[in-house]
1. So, in the range B:202-212, of the ones that are in contact with a Leu (Cβ under 8 Å, 6 or more places away or on another chain) and surrounded by fewer than 23 Cβ atoms within 10 Å (Cβ to Cβ), which residue ends up nearest to the other protein chains (Cβ to nearest Cβ)?
2. Considering only residues that are small (Gly, Ala, Ser) and either surrounded by fewer than 20 Cβ atoms within 10 Å (Cβ to Cβ) or touching a strand residue (DSSP E or B) at 6+ places or on another chain (Cβ under 6 Å) (or both), which ones fall in the range A:56-88?
3. Limited to the range A:235-267, what total is found for residues that are of a type in the set (Gly, Ala, Ser), part of a loop (DSSP other than H, G, I, E, B) and either surrounded by fewer than 17 Cβ atoms within 10 Å (Cβ to Cβ) or more than 7 Å from chain B (Cβ to nearest Cβ) (or both)?
4. Would it be correct to say that A:Arg89 is closer than 11 Å to A:Pro246 by Cβ and under 21 Å from the mean Cα position of the chain (by Cα)?
5. If you check A:Trp34 against the conditions, is it crowded, with 20+ Cβ neighbours inside 10 Å and of a type in the set (A, V, I, L, M, F, W, C)?
6. Given the options A:Ile108, A:Ile91, name the one that is surrounded by fewer than 24 Cβ atoms within 10 Å (Cβ to Cβ) and either in contact (Cβ under 8 Å) with a residue 60 or more places away in the chain or not assigned by TED's automatic domain parsing to the domain that holds A:Phe61 (or both).
7. Regarding the range B:585-603, can at least one residue be identified that is touching a Lys or Arg at 6+ places or on another chain (Cβ under 8 Å), among the small types (Gly, Ala, Ser) and surrounded by fewer than 24 Cβ atoms within 10 Å (Cβ to Cβ)?
8. Could you check the range B:339-356 and list, in sequence order, the residues that are part of a loop (DSSP other than H, G, I, E, B) and in contact with a Pro (Cβ under 7 Å, 6 or more places away or on another chain)?
Amino acid sequence: MTSTTAFFLRREDLIHLLEELSGTVEVVAPVLVWDEAAFATWRGEALALDDKNPLASPVEFFLPKKEVLFRYVQYSGRYTFSEDPPKARLIFGMRACDLRALKVIDGIFGADLSDLPYASKRRSTIIVALNCTSPGEGCFCRSMGSGPVAEEGYDLLLTDLGRGYLVEAGSPAGVYILRAHHRHFEEADPEDIKEKGRLLALAEEKMIKRGPFPNPEKIREAIDGADWEEAGRRCLACGGCSFVCPVCHCFSVLDQGVPDGERLRCRDSCILSGFSRMTSGANPRPDPGERLRHWYLDKFLYIPEKTGLFGCVGCGRCSRVCLGEADRWSFFKEATE
Amino acid sequence: MEKIATICVYCGCGCGLVLHVEDGRVVGASPSSAHPVSRGRLCVKGWLAADFVHHPDRLKTPLVRRGERMARVSWDEALSLSAKRLREIREESGPDSLAILTSAKGTNEENYLLAKLARAALGTNNVDHVARLCHAPSVAGLGIALGSGAMTNPIRSLLSSDAILVTGSNTTEQHPLVAATILEAQAQGATLIVADPRRTQMAELADIHLAPRLGTDVAWTNGMLNLIIGRGLIDEDFINERTEGFSALKELALRYTPAAVERITGIPPADLEKAAAAFGEAPRAAVVYAMGTTQHSSGTDNVLALANLVLATGNVGRDGTGIYPLRGHQNVQGACDMGALPIFYSGYQKVEDPAARRKMEAAWGTDLPATPGLTAVEMMEAAEEGRIRGMIISGENPMISYPDRGQVIRALRSLDFLAVADIFPTETTALADVVLPVASFAEKDGTFTSTERRIQRVRRAVTPPGEARPEVEVAAELLRRFSVTADYASPEEVMAEISSVTPSYGGVSSRRLGISGLSWPCPSPDHPGTEILHQGSFPIGRARFYAVEQQHLPEDLDYPLFLTTGRSLFHFHTGTMTRRTHLLDRERPKATVDINPADAAALGVRSGTMVVVESATGSLDIEARLTAEVPMGTVYIPFHFAEAPANQLTTRTLDPTSKIPGLKRTPVRIRRAEG
């Protein structure tokens, strides 16, 4: 999706724009929490756009770690149900890798029977993406074809040119914001568009060490050939890789409270043995190594079969959180060399 | 959505946690990348640390027993009734008929005020907490050997170690972030030695695994020292300049030859030699230990033997060296520091020391008792005998966590008055006359002190449910009802009082606590804190060697197996929080007794068979799980489960010095359950 016209937003005007937007929707943006960037409701504080991509992906605003699907109240033997409407939100500063993750999840939760809680949050959220000009050390989005340049899935796209931002619309909602807040935008100079190209080429170059990604057959061979028993011996079963992955979407549903209470949906993890254990106690994936193997198979074979996209977006978060210090990227690098 | 920076509530690692808050509810947790311990990582409990906070079981109103029923009452009624009953008992039987158990889950401020409540309001030193069941031998043993019972170095110091001896610690399950640091050090070239009767993941990943018989730790530790002396690997300069008492120890160690050690421990001499060489030759070596070392009737001796090992090799006071007693609760270090112990005021100032007592009397504006109080397990005995008649238990669940459950039930039922403060109903609140609903870690401000002496800020992310209150407020209300001044507008003001009377916390104030907190001792506001202890000198001048002998372990033919207890990665303590966390409880939904397949074959037991485990104190119906993780002759039960409480079997055999019960070694027998 390419925008028809590009605009320029001066650095100091960004805050004014966000202030105006926050009058009508909840604005979520990366802010500093304990010396690091995290996506949270923006209340006018300084934006933390120069830090690494936050560890907690903004995908949590679409697939919360824990959400109330509905509340139930029993009265004289009859149940009544209530649910909260989705919030109108604008997420500012989402990067290409997380945008791709949403597209993958759209392919899963949007297919066949649409997942309503997810779909309603998707519909009620505006995404203002930011092109990633400073990828982190462990990022390999370029290898996965998901970044650092955002190509689709945003309403507005910003590129930091230093003195200000190049702004492009990617949807009618984006165009609407450009029109409604037109006083903050000026038409972009052709030089600005050239500068964007130069900066993004630089960002891609930074990631040259990691990639290009091996073809799916090679991946299958790598997964078949890996020593999963040894990988499992070193796994400390924290589940962190699945809790931070922006594409991981498995959940469990539980009812809390009798007779009144809530039906909750919580994030689940295939790294935990209870995920695949059956009521009888039998477990098709009893060892940590087998569960890790499944994690890779899902991302690199099963999800691609279903959605046509890799279930990994190269954000590198799994390696950042791994208690066993496993560099997930090196697995493929070593296995396919 | 708000993101609130705080500290994890589970183990002593003290990880930096970010709580995700949506519409007044905690909906998630993630690690802090900038925090020195978590460094962007958490264990599974940490990732799920927020899940129990809004559980519908939370206690929301004060309750008072009316016959068989618990009635909802106002805070004022619950507190006034508690104060009235405690005062009546004190008038009838004296102040030492009252006791308080504080909570290692509470903040420093809460522990300080509860200890103050015991001493200044009730007038007794009968105050203790769960440290009695975990690191009392470290406080006692390291206290007399080095002058301080705490971890000597920060966790990240292990990254500089060349050899790490881990003993009595199932580190990957109990202190996962410490384990990750140790494994990082190993990947960089450090030799990892693990001494554990069980083949834990840590043992599995070790370069050298020593599997001693239960209760023989002094023998193999002395044996390592024997070999280190024999090979000339001791640090003579360090011994001469900074220690005393080595000659007696040397004489004793000579008797612990590899062959003698093998007879006692079952460790092959070749393995012991490898371990001694790796530890002795390392320029920087460290010892990491936990409950497997301390929870023995020889707990203090076990700690002293390990202290001998680090002192003889000069491994104290430098980066990469040191001795690391891993604390089990996120604030058990702090609860000890705050004087929730029967012989110490905050900062380990002795209650028997008249100068310290006069100082505290001046600060608190009241007279204080001079005689040391009873320890936790002694309190239970005194309660059964009627010497203790009234008790406040804050955030502890002795019905599951204390040894000899049958005795605990008798003890708590004998009390004339019991008030219990907790976040959930527990087996202990079920016996209470008054139940006080309090705030969880996500609902209050204050500080926790982690295993590495790091004082860190805890922040309120959401409001407590119903009428539940932070315990600082509850303790202050009770203090006022005993006419002790307690006008604290906030936990910060409590910390100001703590730092004014506690030398090691003298420079601590909430304002100073950034992401890395402050490590005590931090005596003054301009002091940067102390990460590595004993750098130039010991608080007691010279460190002391204590020549400790291996205890004789009698065999009992009626109970031919030995039970050892512990915790699972997926649960914490008595499971009040983790068993209400869906994914964690699903991961480990029930208790099992781990039996070696060879023992199981002899008993005719398979995985899933119901068995009866019997000890001298009780019996337990439990499902068997066959695993070679336990050696022959040893069985293992995690103690989290009220359905099969392992402590029904344990005994109150106490270590004479620290009064810790020998939870890690109980003689038992096993048979198949009928039917």
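1. If we take residues in the range B:202-212 being in contact with a Leu (Cβ under 8 Å, 6 or more places away or on another chain) and surrounded by fewer than 23 Cβ atoms within 10 Å (Cβ to Cβ), then B:Leu205 is nearest to the other protein chains (Cβ to nearest Cβ).
2. Those that are small (Gly, Ala, Ser) and either surrounded by fewer than 20 Cβ atoms within 10 Å (Cβ to Cβ) or touching a strand residue (DSSP E or B) at 6+ places or on another chain (Cβ under 6 Å) (or both): A:Ala56, A:Ser76, A:Gly77, A:Ser82, A:Ala88.
3. The first filter runs over the range A:235-267 and keeps only residues of a type in the set (Gly, Ala, Ser), leaving A:237, A:239-240, A:242, A:252, A:257, A:261.
So of that shortlist, the ones also part of a loop (DSSP other than H, G, I, E, B) come out as A:237, A:239, A:257.
Checking the rest, the ones that are also either surrounded by fewer than 17 Cβ atoms within 10 Å (Cβ to Cβ) or more than 7 Å from chain B (Cβ to nearest Cβ) (or both) come to A:257.
Total meeting the criteria: 1.
4. So A:Arg89 does not fit the description; no.
5. No, not satisfied.
6. A:Ile108
7. The answer is yes; a qualifying residue exists.
8. Correct list: B:Pro342, B:Ile343, B:Val351, B:Glu352.
The values are calculated or read from the model by the stated rules, or taken from the named source; none is laboratory data. Small disclaimer: the values here were computed from a predicted structure and weren't measured. Positions of Cβ are generated from backbone atoms using ideal geometry, with glycine treated the same way; all protein chains shown enter the neighbour counts.
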